[in-house]
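One structure below.
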Amino acid sequence: MRGWRALLLPALVVAGSTVASPPSLVSPASRVEFACTGTTAGSTFTLTANCDTDVPLLVPDGFTLDGHGFTITAHDPVGGFFKGGVVTNGGQTMNVTNVTIQDITQHSSCIGGHGMGLRVNALNNVPHTVNVTNTTVTGSQRTGMIFSGLATVNVSGSTIGPADPLPPNFLGQNGVQYSAGAGGTFTNNTVIGRAFGNPRNENTGMLLLAATHLTTSNNTITGDPEIGIFLQTSPNVTIENNLIESAVPFLRGSVGTGVLSDAASAPTLVCNTFNGWATNVVGTTQPPCITSATPLPNGRVGAT
C-alpha cells in the first residue's frame with residue numbers, strides 16, 4: 001500500500017497543476033452571446049445554432065447558458081493553441097444547461113491550463129455559485145469539468161467524457177476535478193474516464209484535490225481510469241449510492257476509491273457499488289450496506 005501511494009502522488013500533482021494557470025496560459029476570451037448565434041431573454045442566452053470557437057467563451061455574471069440541444073465545438077486557432085476552458089464563468093454566478101461541449105485537444109504535451117471543457121475559476125476568494133444540468137463534455141485534452149477555489153458547483157444529469165484519446169504516457173487526464181476549496185453536489189451524472197497507460201501513473205474518474213463540502217451521489221463512474229474517485233486533503237466529502245466500475249476488469253493496481261493518507265480526507269462512503277477493480281477501497285472503509293426488498297414493519301415500544 002505504501003508503494004501505491006508513492007507512485008500515485010506524482011501523477012496527481014501533474015493533474016492538479018491546472019488549478020491556477022498563469023494568465024499567459026489563457027487565450028483572450030469572448031462573451032458567449034457575442035461569439036455564438038442565439039437569443040437573449042432577460043439573463044438567459046439560448047443557442048439557436050451550433051457554435052464553433054477558437055477562444056474560451058465567458059458566460060456573463062448571473063447568466064444562464066441554455067444550449068437548447070446544440071453543440072459548442074472548440075478547436076485550436078490558426079498558428080496557435082487553444083488555452084483555457086471552452087466554457088468558463090465570467091463572474092460569481094453561472095448556470096449551464098442542455099448543451100454539448102466537445103473537441104478541445106491541443107495536441108501538445110504542455111501541461112498548462114488548457115484542454116478543459118467546462119471551467120469554474122473562483123481563486124479570487126469571492127464566493128461563486130454555478131449550476132450545471134443536462135450538459136455533455138467530450139473530447140477534452142486534460143479535464144472534462146474543473147472547479148477551483150471558493151465555488152459551490154452543483155452538477156446533475158450530465159455526461160463527462162470520454163476525453164480525447166492520447167498516446168500512452170502522453171498526458172494526465174481526469175474526468176472531473178473539484179479543487180482548492182470547491183464543493184457542492186455532483187448527482188446523477190455519468191463520468192467516462194481514460195487510462196494513463198503507464199504502470200507508474202494513474203488517471204482518475206474524479207479527482208478531489210483540496211475539495212470540501214461535496215456530496216457525490218447516484219453517479220456512474222466508468223471507463224478505464226486507473227482510479228475511480230481519489231481524494232487528497234478533502235474534508236467533508238460524502239460518496240454515496242454510486243456505481244464505480246472499471247471497464248478493464250481487475251487492472252493491476254486499479255482502485256475504486258482511494259484516499260491519500262491524511263486525516264482530512266476521510267470521506268463518508270455509503271452504499272457504493274464497486275465492479276472490476278483490483279481493490280475497491282484504499283485508505284478508508286465503507287460500512288456494510290443494509291437493504292431490504294420489502295419495508296420493515298413499524299417498531300412497537302416494549303416489543304421483543
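Here are the numbers:
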| read-out | value |
| --- | --- |
| Cβ-placed point charges (K, R +1; D, E -1), dipole of segment 112-240 about Cα centre in debye, nearest 20 | 200 |
| Neighbour-count order for Cys36, Cys289, fewest beta carbons within 10 angstrom listed first | Cys289, Cys36 |
| Paramagnetic reach from Cys271 in segment 217-257 [backbone N under 14 Å; point 7 Å along Cα→Cβ] | 217-219, 239-243 |
| Gain upon complete extension [Thr73, Thr37; 0.36 nm per residue less C-alpha separation] | 11.6 nm |
| Ranked list, fewest to most other Cβ atoms within 10 Å of each Cβ, for Thr93, Thr285, Thr233, Thr268 | Thr285, Thr268, Thr233, Thr93 |
| Fewest-first sequence of Ser217, Ser140 by Cβ atoms within 10 Å of each Cβ | Ser217, Ser140 |
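The numbers here are math on the coordinates, done by the rules we state, and not lab data. Please read these numbers as outputs of a predicted model, since none were measured by experiment. Because the Cβ atoms are built from the backbone with ideal geometry, glycine has one as well, and the counts that use them run over all protein chains shown.
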